[in-house]
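Let me begin by presenting the structure, written as structure tokens, before commenting on it.
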Amino acid sequence: MHPDSYDFLRRLLDTPSPSGFEHEGQRLWLDHVRSAADRRWDDLYGNCFAEIRPLDHVADAITVAICGHSDEIDLMVNHIDEKGFVYCRAIGGIDTGSIVGKRLRFRSSVPGVTAPVLGVIGATAIHLQEKGGEAKVRKIHELFIDNGAADRAAAESRVAIGDPPSSPNRSSTSPTIW
């Protein structure tokens, strides 16, 4: 793979595009195809398009469409408790059993917060859970994000309800949840 193509692919994969927040990834793609496409545009539904017109001397050129899907699953801030733990709702289908212990970062809408807000996905320790017959997969509302805040006020000074995942630092190749 050409180094420029690889660099673009890494940047595209590292740009969060959860449902409803696809704009940044779509802009990245539209900017990338600028040099190759004769025409680029998007529509009111958030779809992006690029067209390469056939050469004038090619009378019987065929039309080929290459389609892709730009949104992905992720998390969004849904609640902040009195201890400063952040609870999230899923954007898409999340396998909650696979994300406990993962690090993540959110794009904050809190005025003055410019850096991504880092956190770790946690859950109540197994020995502190209710004893039952069968092991159960935790539900999304049972997971919390610890971002180091001492209480609700400290957490709310970093993130707000509705904040989505953030773009990682461009020098990083880590996804939003890693």
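Ordered by the number of other Cβ atoms lying within 10 Å of each residue's own Cβ, fewest first, Met76, Met1 fall into the sequence Met1, Met76. Cβ-to-Cβ counts within 10 Å put Asp38, Asp163, Asp56 in ascending order as Asp56, Asp38, Asp163, the fewest first. When you filter the chymotrypsin sites (Phe, Trp or Tyr not before Pro) in region 1-69 for DSSP loop state and at most 11 other Cβ atoms inside 10 Å of their Cβ, you are left with Tyr45.
Here r is the Cβ-Cβ distance between Tyr6 and Arg34 and R0 is 22 Å; the resulting FRET efficiency, rounded to 0.05, is 0.75. Please return the longest stretch of the chain lacking exposed loop sites, where trypsin sites (Lys or Arg not before Pro) count only if DSSP places them in a loop and at most 10 other Cβ atoms lie within 10 Å. Formally, the longest exposed-site-free interval is 35-130. Considering only Leu9, Val58, Ala153, whose Cα is most displaced toward the positive end of the charge dipole of the chain, charges sitting on Cβ of Lys, Arg (+1) and Asp, Glu (-1)? My answer, from the dipole projection, is Ala153. Under a model in which nothing but the beta-carbon of Lys, Arg (+1) and Asp, Glu (-1) is charged, the chain shows a dipole of about 540 debye around its Cα centre. The angle between the Cα long axis of helix 3-13 and the main principal axis of the chain comes to about 40°, on a 0 to 90 degree scale.
By definition, a body whose alpha carbon gyration tensor gives a ≥ b ≥ c is prolate when a/c is 1.5 or more and a/b is larger than b/c, and region 74-156 fits this prolate description. Please work out the FRET efficiency for the pair His79 and Ala150, using the Cβ-Cβ distance as r and a Förster radius of 25 Å; give the result to the nearest 0.05. The pair His79/Ala150 has a calculated efficiency of 0.90. For the chain, the longest principal axis of the alpha carbon atoms and the long axis of helix 23-33 meet at an angle near 30°. Cβ-to-Cβ counts within 10 Å put His23, His69 in ascending order as His69, His23, the fewest first. Spacing of the modelled spin labels on Val120 and Cys67, each 7 Å from Cα toward Cβ, amounts to 4.3 nm. Over the chain, DSSP H runs of length four or greater, each weighted -39,500 (n - 2.57), average out per residue to a 222 nm ellipticity of -4500 deg cm²/dmol.
A short reminder: the numbers here are calculations on the coordinates, not readings from a lab. What you are looking at is a predicted structure, and each value in this text was computed from that prediction instead of being measured. Glycine also receives a Cβ, built like all others from the backbone with ideal geometry; neighbour counts cover every protein chain displayed.
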